[in-house]
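Data block below; observations after.
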Amino acid sequence: MKMHRKTLVAALATTVLGVAAGPTMGSDTNGDSPLGDGPIRLVIPFGPGGGSDMTARVLTATAPEFCGPRIDVVSMSGAAGLEAVNHVMNAESDGHTLLVTDYGPIVTSGFVDDVEWSHDDWDPVMLFTEWLPTVYTHADHEIDSIEDWVDKLEAEPNSVTFAHAAPLGIVHLPLILFEMETGLENRHIPTSGGGETRSMVMGEHVDLGMTLPASIAAEVENGTLKALGTFADERADVLPDVPTFKEAGYDVSLPAWLMIFAKNDVPQETKEFLQDCFMEALATPTAESMSDRTNAGIDPRGMEDSAELYHNTVEMVGSILREIGEID
Amino acid sequence: MLEALTDALSLALDPSVLLFVALGILLGITLGAIPGLSGDMAIALLLPTVFYLEPASALGLLVGIYKGGMFGGSISGITFGVPGTPGAAATTIDGYQAKLKGKPNRALHTALYSSVAGDTSSDLILIFIALPLAAVALKFGPVEFFALYAFSLLLISALTRGQLAKGVAACALGILLSMIGRDPIGGSLRMTFGIPELAGGLSLIPVLVGIFAVSELIVQVSKAWAAKSRAIVEDAKEKSNMFSDYDAAADKLPFRDFLKLWKATAIGTGTGTLIGALPGAGSSLAAFISYGLAQRFSRSGDEFGKGSMEGVASAEAGNSATSGSTLIPLFAFGIPGSATAALFGAAFILMGMTPGPNMVRDHSDVIYALFIILVYANMVNLLMGKVLLPYYSKMSMVQPRILLPIVFCLAIFGTYAAGNSFVDVWVLLGAGLLGVVLRLYGFPLAPLILGFIVGPGAERALRQSLLIGGEWSYLFSSPIAIGFYVTALGLILLFTLLLRNKA
């Protein structure tokens, strides 16, 4: 595993420049591009190091070749992610400042927070992937399946403790939807994130937890955790033996997508250009290998499909929030 | 096993890896020393290099930054009274006092040695007894965490002897400030006064830097103005003499003097390793608890807060001893127990390794190489620290009127860069004003910061416990929790009696 001197020097240079000024690699501007020379900023409403950050970084490595300018990922987790959303909304409508998010900071916040934009002010440019919220427990727990869980709750209502990150977030709303559908009740235990949920489940402090498949796939395979079911229309690729709630007879599906959004007053031509160059970049072998290495499960879709999914989610989340009295 | 170890040795000791470790440490020390910037931030920025570098080189770079950053935070804490990172807040209490007494070099060396000692022990524990310790860590659920937080708050509120009421008040104010934002259980907004930017709460970095640094700056500037307006030039001259008369030769720390601090360093190392292994507890909490315990068990506890080297050693060892053990839950169960562990987890994922017990089995060469790097990076840290510290000591004795504006600019730059947020800059200035008011009325600042750090975890653990158990008695349902309460009560009784006897 010796490293060539040139690679070493290049890597050192990247490292030093990276700290001084962020990524500086760029390429010649594409001749037909409606974009200007400045960088494209992908703003994420979360801290660095998480799934959204790593997925967005696949584009920083691959898309400049197709889009023209260099691409930076900017993390702004302030005000529970709203600072990022507002930053993109207040930026110039030139397609250089885009939002990369799941539905929490844009759909749920658009309903429950005091914001100056509405859901119609956003247009999806493309979709990276769909994450499928999954219910799991520790290996020795008496609950082995969705049926066991339902039976236990029917016998003893409110007897199951259920840990999940951020209230009303992407790993909580599916649980509320399930309870609305079945009339069953669990004891909801909000945690600070997926890591805490997992310690509480593994340490047997709670009965069940909810997370995204990639983070538990290895443990499910080696038998330290059990996955009960997935809130989606189809099974997760990394958990092929875990049934969906639909298969178990409950019509509850609420996948959490990760999309790139532009303001709706960004010219249509610019949005289409961005969609095309991002999709081209994600089809390259480099992007595919990065997606595999990071378990990102990138499966891109264009703006039309994404828009349909976005509006469906707005409708569904709106109806859940109305049902539980969070909004009028 | 032996084959894996040989492979790992050749990976870890490759000259390019050594170079990246050294580069990482240099970057880490420098960034850690800038208030607001931390090793974590540099690791986040440099995560993409993992795609371009060999795994061992990338890990060397990240480990170097992490370790350098941990120690670097104490440099600005000691030299300017501004903790460069949250973990260095406790080091600042005595470190800055020591500097004011003309001993910056002693304090910096104490911090360096204790940091390296704590860090090395913690790395060895990660390597050799990660699994049993991880099993203990999993026993910590909401009930046990609440007991730990309550224990630390009790211990620390009384940090400044004779000022118990003010310590408790400052701590309570810290908890109150930490509650601004979204209710962690219900999700509704509280105490944001209709300001949407406060929805995510106050960030730690601007509060920390504001309370310590900006308030110090304001106090210094007003001193200078007061001196000018009264035209007491002599007074100012006298002050500046303290700085120009700095005798670098007299301010040395022979290694045998450091060895006398073994008890404080050992307390810090033990506490830091244990707290670091608990998911979510963090290095600043470890440093404060170590400091509190070392003060209680020291023969010269009265010197704490006045420039005690034991204070510096315990806090810094406690802070640095979390660095190896914070990776334990990640290695044992794939649980990232801290922001740093999450970033290392992300780096492993980017390298195609899934954090968890299988990682060591499936990628033994890289993981063993990481273990070797973790240990020798401490030696590199020690060497680079030894080379750099004399310069930092001299720099700390530059006149405040030159130094403080620079620190102020760095603090604003660092705070903005940490979260890309202007709101954070306003919070920084607001916290600075609050710090001035607290200083004027003689409130200790450290308990406020501890309250702010511990508050959210304590509230969440308490409310989670009540949701799970349904009643208050559930808080006493765990032997570990009862152990913490009994120890806290025991310590309070013991020291009340000791104080009474002394009186």
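The values are calculated or read from the model by the stated rules, or taken from the named source; none is laboratory data. Quick caveat: nothing in here was measured; it's all calculated off a predicted structure. Cβ atoms come from the backbone with ideal geometry, glycine included; neighbour counts cover every protein chain shown.
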Inset, instruction - Output yes when any residue across segment B:180-193 is buried (at least 19 other Cβ atoms within 10 Å of the Cβ), modelled with pLDDT of 85 or more and more than 26 Å from residue B:37 (Cβ to Cβ), and no when none is. - result: no
Legend entry - Those residues of segment B:93-115 which are surrounded by fewer than 22 Cβ atoms within 10 Å (Cβ to Cβ) and touching a Lys or Arg at 6+ places or on another chain (Cβ under 9 Å), in sequence order: B:97, B:101
Legend entry - Unmet criterion (only one of (1) without any contact (Cβ under 8 Å) to a residue 40 or more places away in the chain; (2) in contact with a strand residue (DSSP E or B) (Cβ under 8 Å, 6 or more places away or on another chain); (3) among the hydrophobic types (A, V, I, L, M, F, W, C)) for residue B:44: (1)
Legend entry - Residue among B:10, B:76, B:57 that is touching a helix residue (DSSP H, G or I) at 6+ places or on another chain (Cβ under 9 Å) and more than 25 Å from residue B:112 (Cα to Cα): B:10
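For (1) in contact (Cβ under 8 Å) with a residue 24 or more places away in the chain; (2) within 14 Å of another protein chain (Cβ to nearest Cβ), each residue gets a yes or a no:
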{"residue": "B:269", "(1), (2)": "yes, no"}
{"residue": "B:279", "(1), (2)": "yes, yes"}
{"residue": "B:293", "(1), (2)": "yes, no"}
{"residue": "B:302", "(1), (2)": "yes, no"}
{"residue": "B:306", "(1), (2)": "yes, no"}
{"residue": "B:317", "(1), (2)": "yes, no"}
{"residue": "B:353", "(1), (2)": "no, yes"}
{"residue": "B:364", "(1), (2)": "yes, no"}
{"residue": "B:368", "(1), (2)": "yes, yes"}
Legend entry - Residues of segment B:478-503 that turn out to be modelled with pLDDT under 85, among the β-branched types (Val, Ile, Thr) and surrounded by 13 or more Cβ atoms within 10 Å (Cβ to Cβ), as a count: 1
Inset, instruction - Note down all Cβ pairs under 6 Å where the first residue falls in segment A:153-169 and is within 10 Å of chain B (Cβ to nearest Cβ), the second is among the small types (Gly, Ala, Ser) and in a strand (DSSP E or B), and they're at least six residues apart or on different chains. - result: A:163/A:209
Inset, instruction - Filter segment A:210-219 for residues that are under 22 Å from residue A:176 (Cα atoms) and at the interface with chain B (Cβ under 7 Å from one of its Cβ atoms) and give the result. - result: none
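Any residue at all in segment B:2-14 that is closer than 26 Å to residue A:60 by Cβ and at the interface with another protein chain (Cβ under 10 Å from one of its Cβ atoms)?
Checking segment B:2-14: not a single residue is closer than 26 Å to residue A:60 by Cβ and at the interface with another protein chain (Cβ under 10 Å from one of its Cβ atoms).
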Inset, instruction - Look through A:36, A:47 and report the one residue that is part of a loop (DSSP other than H, G, I, E, B), touching an Asp or Glu at 6+ places or on another chain (Cβ under 8 Å) and within 11 Å of chain B (Cβ to nearest Cβ). - result: A:47
Inset, instruction - Would you mind telling me which numbered condition in (1) within 19 Å of the chain's Cα centre (by Cα); (2) closer than 26 Å to residue B:58 by Cα residue B:289 fails? - result: (2)
Inset, instruction - List the number of the failed condition for residue B:383; all other conditions in (1) in contact (Cβ under 8 Å) with a residue 12 or more places away in the chain; (2) of a type in the set (A, V, I, L, M); (3) over 22 Å from residue B:53 (Cβ atoms) hold. - result: (1)
Legend entry - helices (runs of 4 or more DSSP H) completely within segment B:333-451 that count 2 or more residues being over 22 Å from the mean Cα position of the chain (by Cα), on the phi > 0 side of the Ramachandran plot and crowded, with 21+ Cβ neighbours inside 10 Å: none
Legend entry - Identity of the residue in segment A:53-102, polar (S, T, N, Q) and assigned to a loop (DSSP other than H, G, I, E, B), that ends up farthest from residue A:295 (Cα to Cα): A:93
Legend entry - Hits in segment B:94-123 (condition: assigned to a helix (DSSP H, G or I) and more than 16 Å from residue B:265 (Cα to Cα)): B:96, B:97, B:98, B:99, B:100, B:104, B:105
Inset, instruction - Could you check residue B:185 against (1) assigned to a loop (DSSP other than H, G, I, E, B); (2) out of contact with any strand residue (DSSP E or B) (no Cβ under 6 Å at 6 or more places or on another chain) and say which number it fails? - result: (2)
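Quick grid of which residues meet (1) under 27 Å from residue B:132 (Cα atoms); (2) within 19 Å of the chain's Cα centre (by Cα); (3) within 11 Å of chain B (Cβ to nearest Cβ); (4) modelled with pLDDT of 95 or more:
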site	(1), (2), (3), (4)
A:198	yes, yes, yes, no
A:208	yes, no, no, yes
A:223	yes, no, no, no
A:230	no, yes, no, yes
A:233	no, yes, no, no
A:238	no, yes, yes, no
A:251	no, no, no, no
Legend entry - Any hit, segment A:60-72, residues being within 16 Å of residue A:102 (Cα to Cα), within 11 Å of chain B (Cβ to nearest Cβ) and modelled with pLDDT of 85 or more: no
Legend entry - Residue satisfying condition, being in a helix (DSSP H, G or I), under 18 Å from the mean Cα position of the chain (by Cα), within 13 Å of chain A (Cβ to nearest Cβ) and farther than 23 Å from residue A:57 by Cα, within set B:30, B:79: B:30
Inset, instruction - Would you be able to tell me the number of residues in segment A:185-232 that are surrounded by fewer than 23 Cβ atoms within 10 Å (Cβ to Cβ), in contact with a His (Cβ under 9 Å, 6 or more places away or on another chain) and assigned to a loop (DSSP other than H, G, I, E, B)? - result: 3
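Among the residues of segment B:463-477, is any within 30 Å of residue B:205 (Cβ to Cβ), part of a helix (DSSP H, G or I), at pLDDT 80 or above and out of contact with any Phe, Trp or Tyr (no Cβ under 8 Å at 6 or more places or on another chain)?
yes
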Legend entry - Options B:37, B:23, B:62, B:19; residue that is within 14 Å of another protein chain (Cβ to nearest Cβ) and either of a type in the set (Asp, Glu) or outside any helix (DSSP H, G or I) (or both): B:37
Legend entry - segment A:172-184, subset more than 13 Å from chain B (Cβ to nearest Cβ) and assigned to a loop (DSSP other than H, G, I, E, B), residue farthest from residue A:325 (Cα to Cα): A:184
